[in-house]
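Some notes on the structure that comes next.
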Amino acid sequence: MNLDKEVISIVPWGNYVYDFFFEPENNMNFTKMHGCGNDYIYVDCTENDLPDAAKLAVKLSDRHFGIGSDGLILIKRGQKADFEMEMYNADGSRSQMCGNGIRCVGKYVYDAGYAKGREFTVESMGAVKKLTVQKGEPGDKEAWLSVDMGAPILQAEKIPVKTSEGLTDHVIMHPLTVGGKEYKITCVSMGNPHAVVFIDKKPSEFDVCGIGPLFENNEFFPERTNTEFAYVEDRHTIWMRVWERGTGETLACGTGTCATVVAAILNGLVDAGSPVTVHLLGGDLKIEWSGREEDSVFMTGPAQTVFTGQIDI
């Protein structure tokens, strides 16, 4: 036996006993958190960085052989803000922004005592967002936070979408053929690209997993896209499912929810200037936008700690 290694468990299996060992220097602490079921693995990197994060995101996100998640998020001290969120999708690709993820980062730094109050800022790939803890105390299992998500980006080339078709301005109810069927899409960036499709029934039986990948990888979207399939119930209520680039269908998407409400307001389907409740597979988010292109979108929703742990990487 190598005495430099430590026994971490002895697990009985029938008439056998297996000894498991780990190298202490390879140990990583993590926290599993979710916002409306959109779950990520969070690693505190305020003191030390985590190498090979993209590769680890793939390994740890696997729901059968890893911890299981929609991706990996590193929490760091910020340069332009109080804190920084470095996010990786389950396929290892880097993502600019995650609305559910940033709320969980907010809860983490609030619980850990890193934040000096209930208001603070978090940056992600240079974009700075202001967070406010609306409900919950440090250590509570769940907290509610609101996030100033910034103004929506509506210009085609900045979203981005393919502009060779003559699109230089907004992409509202633009016809796009996907999988042999024509859809009307409204495109919005909330720091990452979204294509919103309004459908005429609740999306519970919509073939998101069949159609979603075709949207994500369509040549119309040079950086791929997230796609939201939304049913407007009334002037203040939307039902939505989402296909996220690099991950697949998730139970919720904060930026996608914001993009959907912006798209609904642009198309006159819901009221501007008052909260819109969006029902997602994993829970509800409340979104508010004035309808003025220069104004911020505000998102309010829960962030919950699932468990903490330690894993040999």
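Taking the listed residues W243, W239, the one that is of a type in the set (F, W, Y) and within 18 Å of V178 (Cβ to Cβ) is W243, with no other qualifying.
Only residues in region 40-69 that are closer than 16 Å to D312 by Cα and of a type in the set (K, R) count as the first member; pair them with residues that are at pLDDT 95 or above and open to solvent by less than 40 Å² (accessible area, probe 1.4 Å), Cβ under 7 angstrom, at least 6 apart or cross-chain, and list the lot. Qualifying pairs under 7 Å: K55/G92; K59/G66.
Residues in region 275-299 that are open to solvent by 10 Å² or more (accessible area, probe 1.4 Å), closer than 20 Å to A127 by Cβ and in contact with a Pro (Cβ under 8 Å, 6 or more places away or on another chain): E288, E293.
Each residue in region 202-214 was checked for being open to solvent by 10 Å² or more (accessible area, probe 1.4 Å) and in a helix (DSSP H, G or I), and 7 of them qualify. Residue count for region 98-141, restricted to those that are closer than 22 Å to V242 by Cβ, open to solvent by 40 Å² or more (accessible area, probe 1.4 Å) and not in a loop (DSSP other than H, G, I, E, B): 0.
Counting only strands (runs of 3 or more DSSP E) that fall entirely inside region 1-54 and contain at least 1 residues that are among the hydroxyl-bearing types (S, T, Y), more than 25 Å from G113 (Cα to Cα) and modelled with pLDDT under 95, the qualifying elements are 6-13, 16-22.
What residue, of V161, V196, is in a loop (DSSP other than H, G, I, E, B) and either in contact with a strand residue (DSSP E or B) (Cβ under 6 Å, 6 or more places away or on another chain) or buried (at least 17 other Cβ atoms within 10 Å of the Cβ) (or both)? The unique qualifying residue is V161.
Only one of the listed residues (F307, F229) is modelled with pLDDT of 95 or more and out of contact with any Gly (no Cβ under 9 Å at 6 or more places or on another chain). That residue is F307. Within region 293-313, the residues that satisfy the criterion of being outside any strand (DSSP E or B) and either farther than 20 Å from V128 by Cα or touching a strand residue (DSSP E or B) at 6+ places or on another chain (Cβ under 6 Å) (or both) are S296, I313.
Taking the stated definitions as given, is Y183 within 20 Å of G268 (Cβ to Cβ), in contact with a Leu (Cβ under 9 Å, 6 or more places away or on another chain), at pLDDT 95 or above and among the aromatic types (F, W, Y)? Here the answer is yes, as Y183 does meet what is asked. If the condition is being more than 19 Å from the chain's Cα centre (by Cα) and either surrounded by fewer than 18 Cβ atoms within 10 Å (Cβ to Cβ) or not small (G, A, S) (or both), then region 79-92 contributes Q79, K80, D82. The numbered conditions (1) within 15 Å of T31 (Cα to Cα); (2) hydrophobic (A, V, I, L, M, F, W, C); (3) open to solvent by 10 Å² or more (accessible area, probe 1.4 Å) are all true for A54 except (1).
Within region 215-274, take every residue that is basic (K, R) and part of a loop (DSSP other than H, G, I, E, B) and give me the one that is surrounded by the most Cβ atoms within 10 Å (Cβ to Cβ). Step by step, filter region 215-274, then rank; the result is R245. Say whether the condition of being touching a Cys at 6+ places or on another chain (Cβ under 6 Å) and either of a type in the set (G, A, S) or free of Cβ contacts under 8 Å to residues at least 24 places away in the same chain (or both) is met by at least one residue in region 256-277. No, because not a single residue in region 256-277 is touching a Cys at 6+ places or on another chain (Cβ under 6 Å) and either of a type in the set (G, A, S) or free of Cβ contacts under 8 Å to residues at least 24 places away in the same chain (or both).
Does region 60-71 hold any residues that are open to solvent by 90 Å² or more (accessible area, probe 1.4 Å) and under 16 Å from T31 (Cα atoms), and which are they?
Listed by number, the list holds a single entry, R63.
The values are calculated or read from the model by the stated rules, or taken from the named source; none is laboratory data. Since the structure is predicted, the reported quantities are computational estimates derived from the model, not experimental observations. Neighbour counts are summed over all protein chains in view; Cβ atoms, including those assigned to glycine, are modelled from backbone coordinates with ideal geometry. Calculation scope for accessible area: heavy atoms of the full protein, side chains included, ligands and nucleic acids excluded. Shrake-Rupley method; radii C 1.70, N 1.55, O 1.52, S 1.80 Å.
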